[in-house]
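First up is the structure itself, then whatever we jot down about it.
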Amino acid sequence: MTNRNLTKIKFSSGIQIPVELHKVRVVQKLYLNPIERRLQAIEEGGYNTFQISTKDVFLDMLTDSGTNAMSDNQVSSMLHADDAYAGSQSFYRMEASVRDVFGKHYVMPVHQGRAAENIISQIFVKKGDVIPMNYHFTTTKAHMELNGGTVLEIYTGKALQIKSAEPFKGNIDLEKLQQVIAEYGKEHVAFVRMEASTNLIGGQPFSMANLREVSRIAKESGIMVVMDASLVGENAYFIKKREAGYENTSIKDILKEMCSYCDIVYFSSRKVTSSRGGGIVTDNKDFYLKMRDLLVLNEGFTTYGGMSVREIEAMAVGMQETTDDTVISQSPSFIEYIVNQLDEYGIPVITPPGALGCHIDSMGFLPHVPQQEYPAGALAAAVYIVSGCRGMERGTISSVRDENGNDVLADMELLRLAFPRRVFTLSQTMFLIDRLKWLYENRELVGGLKFVEEPPVLRFFMGRLAPTSDWPQKLAEKFRADFGDSL
Ligand code: F0G
C-alpha cells in the first residue's frame, strides 16, 4: 500500500468530501450582514476588497497570509518565548527547526516575505540584470525592478491554460532558460527564481524533476537558484501526490530535496508556518555575510529580524507542522472540492486544483466585461455583494501601468478565493459554492469597474474604483427577488 492517499478518506456511499482532521477549540464570530449593508460596504471601500473591514466580511478569503489557523502547540509555544534583543532562546529553537526542515545552515529571520525580497534584490540584482523565473509575484517584481532588474517569465506553454490536466504548471521551460542564459550572458543573470506553488497563476506547483534540471543548468553557468518557499509545503504535497517516484517519500524528505537544489531559500512565514514573519536560509557563508549586513540595517538584530519572539516560537513549531500530511493536505483538499464542484457547474476555474485558493477565470465568467474594465475586480465585488465572502483580484488591477501610463493587461484575470489552512468548514465552503453558482447564472448583471483613485505603486492595495453603471444595485435587486430576506 502506498502512502499517497494518506489523508484521503473513503466513504461507503462513494461521496467525495474532504474531512477536517482537527477539532475546533477556539472560535471567532463571523458577520454575515444583509445585502444592503454589503452594497454599502463595497461602495465605501471603493470596490476594492482590501478596503473592507472584517466586521463586514463573512468568509475572509482575501489571502492565506497571516490567516492560517494556529495549532494548540503553536499558541502554547508563544508563552515560553524568550524576550531578548540578542541571543534569544526563541531564535535558537526556530533556527534548529528551520535547519531541520530546509536543511540549510544559516537562518535569518525577517519581518515578512517581502523583506527577504528586498534584501536579496539589493544584494544580488544589479542594474541591467535579468531574473528568469517560473512566474513573478507582485512584491518580488517590485523589489527586483527597484534595483534595476528585469523579470523574465519563462513558464511552459501549459502554464496559462485555464483548464488543464497538466500536474506541474509551475515548471520553468528549460529550453527557454538555456536561451536566456545564452542571450543575456551568465554575468547578467542575477539568479534563477523558482516560486513554489506559483501564486499568480493559480497556486500551481513545479515538479522535482524540473527543479533538479533548473539547478543543473544554472550550476553549469555558475548562476545561483533562489527559491521562494512561501507555499513550499503545498508544492511538496503536490509532488508527493502527482510525481512518480515520490508517493512513499515523506513531505519532510521532499522539502529537503527541493532545498538541496537551491542556493538561497526565502519565505513568507505568514504563509508557510501559520505564524508571522519570514526568513532567508542558505548554506553559503559569503551570501550569508552579505545579507546579514542588510538584515541588521533594515530588519533588526540577527536573532529577531523584526519579528516578535512569540512569532518566532510559533514559526519554530509551525515549520515542523508544515511537514505533517494532515496539516498540509487540509487546504489543498478543500480547494480540490470547490474547484471540482464549480467545474461541474460549468464555472471557469483553474484546473488542476492548486494551492492557496480556488481561482476563477473572470474573463470566462464575465465575457461581456472588457479586460480594460477589470473583470477580476468586478467579479470580486460581485461575489462579495452576493455572499459577504471576500476574495482578491489577481489580474490587471494587480499589475502596473507602462511608462506611457497605459494599463498592461494581465495574462490572466483571476479572482482568488483563498483557503487559509484549517479555517473554514465544509458547510461554509458549500454556502460559497451555492452563491457562486447563482452568480454565474446571473452573470450578465455584472458590469465593469474604473479607477477613481490610483496610487502609482502596488495600486491594488489602496486604489479606489467605481462601477461603470448601476450594476451593483441591479444585482442586489435580483438577489432580493430570488432569496427574499435571506442573508
Ligand atoms: N512570495 C510569494 C509567493 C507570496 O505569495 C508572498 C505573499 C510574498 C512573497 C510576500 O510575502 O506578504 O510576507 O511580505 N503573498 C500574500 C498573498 C500577500 O496574499 O498571496 P509577505
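Numbers at a glance
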read-out: Cα→Cβ-extended label distance, 7 Å offset, between GLN28 and ILE123, nm; value: 3.4 nm
read-out: Difference of contour (0.36 nm per residue) and Cα-Cα distance, GLN40 to HIS188; value: 48.2 nm
read-out: For the range 277-288, Karplus couplings with θ = phi - 60° (6.51, -1.76, 1.60), whole Hz, Gly/Pro x; value: x, x, x, 10, 10, 7, 9, 8, 5, 4, 4, 4
read-out: Radius 10 Å from Cβ of VAL383, net charge of other residues (Lys, Arg +1; Asp, Glu -1); value: +2
read-out: Amide H partners (placed H, <5 Å) of ARG421, local residues excluded; value: ASN68, ALA69
read-out: The range 1-81: trypsin sites (Lys or Arg not before Pro) falling in loop per DSSP and having at most 16 other Cβ within 10 Å; value: ARG4, LYS8, LYS10, LYS23, ARG25, LYS29
read-out: Placed amide H near LEU152: partners under 5 Å, 5+ positions off or other chain; value: ILE131, MET133
read-out: Förster radius 45 Å - calculated FRET efficiency between VAL457 and SER427, Cβ distance, rounded to 0.05; value: 0.65
read-out: Helix axis angle, 426-441 relative to the chain longest principal axis, alpha carbon, degrees; value: 60 degrees
read-out: Chain lengthening between SER53 and ASP470 when straightened (0.36 nm per residue, less Cα-Cα); value: 147.8 nm
read-out: Globularity ratio of the chain, using Cα Rg and 2.2 N^0.38 Å; value: 0.96
read-out: Helix-only CD estimate at 222 nm, as mean residue ellipticity for the chain, using -39500 (n - 2.57) per DSSP H run (n ≥ 4); value: -11500 deg cm²/dmol
read-out: Per-residue ³J(HN,Hα) for the range 477-483, Karplus 6.51 cos²θ - 1.76 cosθ + 1.60, θ = phi - 60°, Hz, x for Gly and Pro; value: 4, 5, 4, 4, 4, 8, 9
read-out: Rounded Å value of the spacing that divides the Cα centres of the range 191-241 and the range 89-116; value: 19 Å
read-out: Residue order, fewest to most surrounding Cβ atoms within 10 angstrom, among GLU187, GLU43; value: GLU187, GLU43
read-out: Pairwise label distance in nanometres, ASN442 with GLN372, each label 7 Å out on the Cα-Cβ vector; value: 2.9 nm
read-out: Tensor-based shape of the range 72-323 (alpha-carbon gyration tensor, a/c under 1.5 rounded, otherwise prolate or oblate); value: oblate
read-out: HN-Hα J in Hz across the range 345-352 - Karplus 6.51, -1.76, 1.60, θ = phi - 60°, x for Gly and Pro; value: 7, x, 7, x, 10, 5, 10, x
read-out: Estimated FRET transfer efficiency when R0 is 35 angstrom, pair GLU403-LYS8 (beta carbons, to 0.05); value: 0.10
read-out: Summed residue charge, Cβ within 11 Å of SER97's Cβ, Lys/Arg positive, Asp/Glu negative; value: -2
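Laboratory data are not the source of any read-out in this text; all were calculated from the coordinates shown. The structure displayed is predicted, hence computed values, not measured ones. In this analysis, Cβ positions are derived from the backbone assuming ideal geometry, glycine residues included, and neighbour counts consider all displayed protein chains.
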